[in-house]
């Protein structure tokens, strides 16, 4: 199955470099390009895309707002944010907007290709521990924990699912959660799947963000 990729960046040279790397892969094809967010939204109306490589600093409409609008649509393509710095506010804002991960612009080609394949298969390409570091750093930008509608969402979870959600938000892997709660890894995976379904989230990264937003986990500490 060919992964249909869209490149969104105002630097033509960068898009050309990414296109050359992707074109050499038998399972990838660059099907669309755009130089800013406004153009990206227009192109997406007529192009079938699986994964978008999204720059954040662009004229007209930046990558974060473009990501937010794209991810708000049903069956939206997955978005990989491209940033210059590892832990910056753009990466943070991009994840909150619905991106499945972020990569540095100077990422080695092999890592970029692995990230595209991972996102396409439904995985997040930012470790929850990295997301947690981001959120710890930018926690003051989060809304207050008194956000009632978000708390209401958590009421859908069982007590065990809330336990698992806290541990996911603390950056633990399924194996580590299984050891902590004395469960099988398969059971933990089932719980994580149910959490995603009940809360309408796309991946573990969004679980971490929501846990912070609702106060289930606090910056620099545990739930």
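Here are the numbers for this structure:
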{"read-out": "0 to 90° range, to nearest 10: angle between helix 12-23 axis and the chain longest Cα axis", "value": "80 degrees"}
{"read-out": "Between region 8-29 and region 64-109, the alpha-carbon center distance in angstrom", "value": "17 Å"}
{"read-out": "Potential extension, residue 189-residue 114 segment - 0.36 nm per residue separation minus Cα distance", "value": "24.8 nm"}
{"read-out": "Ascending count of other beta-carbon atoms within 10 Å, so fewest first, for 27, 203", "value": "27, 203"}
{"read-out": "Cα-based helix-to-principal-axis angle, 128-138 vs the chain, degrees rounded to 10", "value": "90 degrees"}
{"read-out": "Intensity falloff of the chain expressed as log10 I(q)/I(0), Debye formula with alpha-carbon point scatterers, at q = 0.08, 0.13 Å⁻¹", "value": "-0.29, -0.75"}
{"read-out": "Packing-based ranking, highest mean first, of 52-64, 165-177 given that Cβ atoms within 10 Å are counted", "value": "52-64, 165-177"}
{"read-out": "Over the chain, relative contact order from alpha-carbon pairs under 8 Å, at least 6 apart, %", "value": "16 percent"}
{"read-out": "For the chain, calculated [θ]222 nm from helices alone, where every DSSP H run of n ≥ 4 adds -39500 (n - 2.57)", "value": "-15000 deg cm²/dmol"}
{"read-out": "Pair residue 11, residue 159: separation of 7 Å Cα→Cβ label points (nm)", "value": "5.3 nm"}
{"read-out": "Using alpha-carbon coordinates, inclination of helix 185-199 to the longest axis of the chain, degrees", "value": "70 degrees"}
{"read-out": "Potential extension, residue 218-residue 88 segment - 0.36 nm per residue separation minus Cα distance", "value": "44.9 nm"}
{"read-out": "Residue exposure sequence - 214, 158 - by fewest surrounding Cβ within 10 Å", "value": "158, 214"}
{"read-out": "Pair residue 197, residue 180: separation of 7 Å Cα→Cβ label points (nm)", "value": "2.3 nm"}
{"read-out": "Gaussian network model of the chain, Cα within-10 Å springs - most flexible of 137, 160, 68", "value": "160"}
{"read-out": "Equivalent ellipsoid semi-axes - Cα gyration tensor, region 21-60, angstrom", "value": "21, 13, 7"}
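Coordinate-derived values only; no laboratory data. Nothing here was measured: the structure is a model prediction, and the numbers come from that model. FYI the Cβ positions are ideal-geometry reconstructions off the backbone, even for glycines, and counts take in every protein chain you see.
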